[in-house]
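The values are calculated or read from the model by the stated rules, or taken from the named source; none is laboratory data. Keep in mind that this is a model prediction, so the values were computed, not measured. When we count neighbours, we look across all protein chains shown, and the Cβ atoms used for this are built from the backbone with ideal geometry, even at glycine.
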Amino acid sequence: MKKAFIGVSMTALTLLSFNTLANSCEGFGPQTPRDIDQLHGENKRVFSLAPPASEMNLCNIHFHKNAEHKAKDFSVFAGNGKYGGYQCNATSSLTEAELRAPKGKVCKNVKPGDTIEVHWVHSSCDVTPGKGLGSCLSNECANPDLRVETQVFLVVNDEDALDFNDLSYDGNIVNGYHQAKYIPQTTGKPVEFLGSTTGPSYNDKQCSPLQVTWSVRPACAKVDINSLAQWCEDNVFEEDHAHGVRQLVTDPKLLAPIK
């Protein structure tokens with residue numbers, strides 16, 4: 001199975017398809033996404049937490065339309081469809097100015113007032129950031145530790161909100177590791193847990209076999225839609241749209257305990 005990973009070309013880590021391998025969830029390790037306020041989990045598969053992101057290489061950045069995870073600050077249910085998931089609670093209190101439509105389409109399917117969940121994917125391999133999961137692996141490193149740093153954003157038309165370009169990569173290297181220029185540090189202590197890859201290819205009957213350490217910040221932040229539009233037009237990850245979501249995993253047998 002490891003050899004099969006090497007040739008995979010992906011648009012996002014969470015869209016990796018193992019349809020021929022994952023016909024049921026029996027025997028699979030802990031799954032993602034989850035309600036990060038619910039600590040209980042009964043999955044018996046255990047693996048070590050990945051190193052801190054600062055000691056790994058950033059290999060991919062992508063985002064999903066609506067939050068895949070759920071927390072007190074993003075708990076408005078957005079439905080069961082491909083772009084279901086959860087919205088930031090503050091969505092209903094946005095101003096008319098924040099909701100003003102920008103010129104043209106943004107990332108094909110994003111508008112002011114939308115919620116997005118951003119994934120900064122890190123690998124223990126000696127790799128360079130790029131497109132999809134293929135950038136997190138190499139011929140010499142087929143089974144890396146993976147860590148996903150996660151932040152949920154409320155998209156607004158406001159130049160005073162966070163600039164998405166400041167959250168990107170742009171060749172930033174710190175202590176020899178490829179790193180994002182900035183990941184929000186003011187949205188609460190990240191909730192760390194063991195899980196899997198996500199995305200609409202998976203559900204409670206078809207689980208992901210990959211082992212991932214997750215670090216999910218519990219509060220929403222606002223990001224300027226104009227900067228997001230600029231990023232989608234030109235980034236090393238070749239990301240130009242918001243991806244779909246995997247519905248929330250609630251079966252305790254598919255969740256790791258949060259300690």
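Worth a mention:
One line per residue, one yes/no per condition, for (1) at pLDDT 95 or above; (2) surrounded by 14 or more Cβ atoms within 10 Å (Cβ to Cβ):
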residue: Val46; (1), (2): no, no
residue: Lys72; (1), (2): yes, no
residue: Cys88; (1), (2): yes, yes
residue: Leu99; (1), (2): yes, yes
residue: Val118; (1), (2): yes, yes
residue: Val121; (1), (2): yes, yes
residue: Asp126; (1), (2): yes, no
residue: Pro129; (1), (2): yes, yes
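- Residue in region 73-90 that is touching a Pro at 6+ places or on another chain (Cβ under 7 Å) and either of a type in the set (Ser, Thr, Tyr) or over 19 Å from Ile225 (Cβ atoms) (or both) present: yes
- Here is the figure for region 243-259: residues that are under 22 Å from Ser48 (Cα atoms) and either outside any loop (DSSP other than H, G, I, E, B) or among the polar types (S, T, N, Q) (or both) total 3.
- Check on Val191, farther than 20 Å from Ala242 by Cβ and hydrophobic (A, V, I, L, M, F, W, C): yes
- Selection count where residues are farther than 16 Å from Thr150 by Cβ and either touching a Ser or Thr at 6+ places or on another chain (Cβ under 7 Å) or of a type outside the set (Ser, Thr, Tyr) (or both), scope region 212-234: 11
- Unique residue being hydrophobic (A, V, I, L, M, F, W, C), touching a residue at least 60 places away in the same chain (Cβ under 8 Å) and farther than 22 Å from Thr150 by Cβ when the list is Ala90, Ala101, Ala97: Ala97
- Strands (runs of 3 or more DSSP E) wholly inside region 140-230 containing at least 3 residues that are crowded, with 23+ Cβ neighbours inside 10 Å: 146-156, 212-216
- The lone criterion from (1) touching a Lys or Arg at 6+ places or on another chain (Cβ under 9 Å); (2) closer than 25 Å to Asn143 by Cβ; (3) among the polar types (S, T, N, Q) left unmet by Gln206 is number (1).
- Filter result for Thr128 (in a loop (DSSP other than H, G, I, E, B), without any contact (Cβ under 8 Å) to a residue 40 or more places away in the chain and of a type in the set (S, T, N, Q)): no
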